Amino acid sequence: SWVLVFLVTMQPWLVSVVVVAIVTMTSLFLGSFDSLEYQEFGLNCNYLSESVEKEPYSAGRYYLGITNSFIKFPRTVKSISFLEDWTEGRQGPALQSRTKDGLTVHLEVSFQYQLMFDQLYTLWSTLGEDYEKTFVRMAIEQLSTATTHHNAHFFFRNRTFVSKEMHRKLDEHFKQHAFAEVPFFQLRTVHLPDAFEDAIRETQVQEQHIQIARLEQETKKVTFATEVLKAQQAVQKLQNEAEGEAQAIAKKNDAFCEQYKLTQQLQVHGLQSVVSKTFWNGFELLNYLSIRAVRDHPSAKTMISI
């Protein structure tokens, strides 16, 4: 080709210069590319002019220019921990603060933050590339302040509520001042003074005893109420039976009286017929009735004085 013919006809020193120029230009061209992994975000930085492009970049390979490269940020969730058994690489020991009533409290906490993609330039321009140290100081300040809002009893009894409240406040503060979100938060342990924890445990034991006594009392109340109900039902049953029996006796007596009344009325009519036919006077009628009464009375039970 004409390129080879040109190189053959050139002087040896000139060939060297051309080769070096081609290699240099190729290296510069290849060096103008930069890439971001899937777990990375980036900002385009020009180190010659010391300027940074505001628009963030996601994962991929880009042509940036000879003097440009990416300032890289993690796309994944990162963790910050404050634990008693902290080791190098973790952010620090358990947080120490005071409750609202003045007791010392040690908190073992951890949380996970994630940088906000559309706030990368603001994060870099405000906090720089070593932003995590600022995150740690922010977390210490926010969590220590949140501790002072509740007394020791509240911490002991409402740990879940305290954890949610700390998470909410930390997330709000990070979104506003750290340009990151806090999707996860763990309140691992709450260490209060030993004497206070012992007193709380004793209080809980006594409260359990009181609760058991109340339950036993309620059980006895139910038992006694059941017995009273049974007695009331038994009384009601007796009353119903007595009323039924009384009504039956009344009905029986009424029937007997009606029958007796009818019998007497018939007897009166019969006697009136006898008197009208015999022309007896009252004395004679009484003698007749006396004789008939003796006749109808059982002889074994009759005694006559003569």
Simple label model, 7 Å out from Cα along Cβ direction - Thr126 to Thr219, nm: 6.1
Separation in nanometres of the label points that stand 7 Å from Cα toward Cβ, at His269 and Arg295: 2.2
Candidate residues Val182, Val228, Val275: accessible-area rank, largest first, probe 1.4 Å: Val228, Val275, Val182
Leu238 versus Arg61: modelled label distance in nm, points set 7 Å from Cα along the beta carbon direction: 10.4
Candidate lysines for bridging to Lys230, where Cα separation is under 25 Å - those fewer than 8 sequence places away on the same chain excluded: Lys220, Lys221
Solvent exposure ordering (accessible area, 1.4 Å, most first) of Met138, Met166: Met138, Met166
Set Lys72/Lys133; Lys100/Lys164; Lys78/Lys164; Lys54/Lys175; Lys54/Lys164 screened for pairs whose C-alpha atoms are more than 24 Å apart: Lys54/Lys164
Selection from Thr134, Phe73, Val105, by position along the positive dipole direction of region 69-134 (Cβ): Phe73
Extension reserve of the Glu207-Glu181 stretch, reckoned as 0.36 nm per residue once the Cα distance is removed: 5.2 nm
Residue-level accessible surface for Ile210, protein heavy atoms, 1.4 Å, Å²: 90
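With a Förster radius of 30 Å, plug the Cβ-Cβ distance of Asp101 and Glu172 into 1/(1 + (r/R0)^6) and report the FRET value to the nearest 0.05.
About 0.70, to the nearest 0.05.
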Accessible area (Å², 1.4 Å probe, nearest 10) - Leu36: 10
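The values are calculated or read from the model by the stated rules, or taken from the named source; none is laboratory data. Only a predicted model underlies this, so the values are computations on that prediction, with no experimental measurement involved. Positions of Cβ are backbone-derived with ideal geometry, glycine not excepted, and every protein chain shown enters the neighbour counts. The protein model used for the area step is the full one, side chains on, heavy atoms only, and it has no ligands, DNA or RNA in it. Shrake-Rupley method; radii C 1.70, N 1.55, O 1.52, S 1.80 Å.
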